[in-house]
Amino acid sequence: MTKPVRLSMPIAFLIENIRTSGVSDDKLIQIIKNREFKFIVNQVVDPTMNFDERIQTAEELSEPWEEAIKEGYSFKFLHLNGLKKLLTLRFNKSDGVDYSQQDHKLVGIHLSSSEEILLHELIQGSWTVTKSSNFITITPKY
């Protein structure tokens with residue numbers, strides 16, 4: 001198994017936000033390449049996101065976003081609020097509804113087995129995912 005591409009938060013959240021519109025990965029790549037954000041802006045969870053600014057940042061940082069969409073990725077770094085945003089965008093989980101925060105950890109998250117694996121892959125650099133009963137706890141590695 002190859003090591004996943006690592007992305008910074010701005011481009012990873014751009015990808016995850018566009019995914020909330022329900023487009024396929026091929027369409028997602030096309031939208032980003034052609035900067036056709038106007039077609040999906042009213043279908044995403046965060047329509048206020050500055051899509052153009054985020055893709056410009058990705059280009060400036062030479063982020064391998066297309067490879068990340070095709071092959072998967074993990075975050076270079078992910079702080080607590082970024083983790084909460086990821087849970088909202090990728091897993092449709094909300095703080096105070098689907099989990100709670102206790103100090104610097106998130107507890108009581110219910111995910112399917114495949115979602116748990118995906119979450120672990122995405123956040124493995126900064127966070128530890130543990131399962132007890134049917135619930136996930138996410139704790140910082142620092």
Amide H proximity to residue 109 below 5 Å, modelled H, separation 5+ or other chain, gives 136
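With charges only on Cβ, +1 for K and R and -1 for D and E, what is the dipole size of the chain about its Cα centre, in debye, rounded to 20?
Roughly 260 debye for the chain.
Quick one: compute the contact order of the chain, relative version, from alpha carbon pairs under 8 angstrom and 6+ residues apart, as a percent. Don't skip to the end; give the middle numbers.
Details: 173 pairs, mean separation 36.5, N = 142.
It comes to 26 percent, rounded to a whole number.
If the chain between residue 134 and residue 61 were fully stretched, how many nm would it gain, using 0.36 nm times the residue separation less the Cα-Cα distance?
Stretched fully, the residue 134-residue 61 segment lengthens by 22.4 nm.
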Any aspartates and glutamates whose Cα falls less than 20 Å from that of residue 105, other than same-chain ones fewer than 8 residues away, would be 95, 115, 116, 121
Placing +1 on each Lys and Arg Cβ and -1 on each Asp and Glu Cβ in the chain, then taking the dipole about the Cα centre, the residue among 42, 56, 129 whose Cα reaches farthest towards the positive end is 129
If the chain between residue 53 and residue 70 were fully extended at 0.36 nm per residue, the gain over the current Cα-Cα distance would be 3.9 nm
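On a 32 Å Cα-Cα criterion, which of the cross-link pairs 85/131; 27/141; 38/141 come out too long?
Numbers: 85/131 21 Å; 27/141 35 Å; 38/141 38 Å.
Where the Cα-Cα span goes over 32 Å, the pairs concerned are 27/141; 38/141.
Where a number appears in this text, it was derived from the coordinates with a stated rule and is not lab data. The shown structure was predicted, so the numbers you read here are calculated from the model rather than taken from an experiment. Don't worry about glycine lacking a Cβ; one is built from the backbone with ideal geometry, like all the others, and counts go over all protein chains shown.
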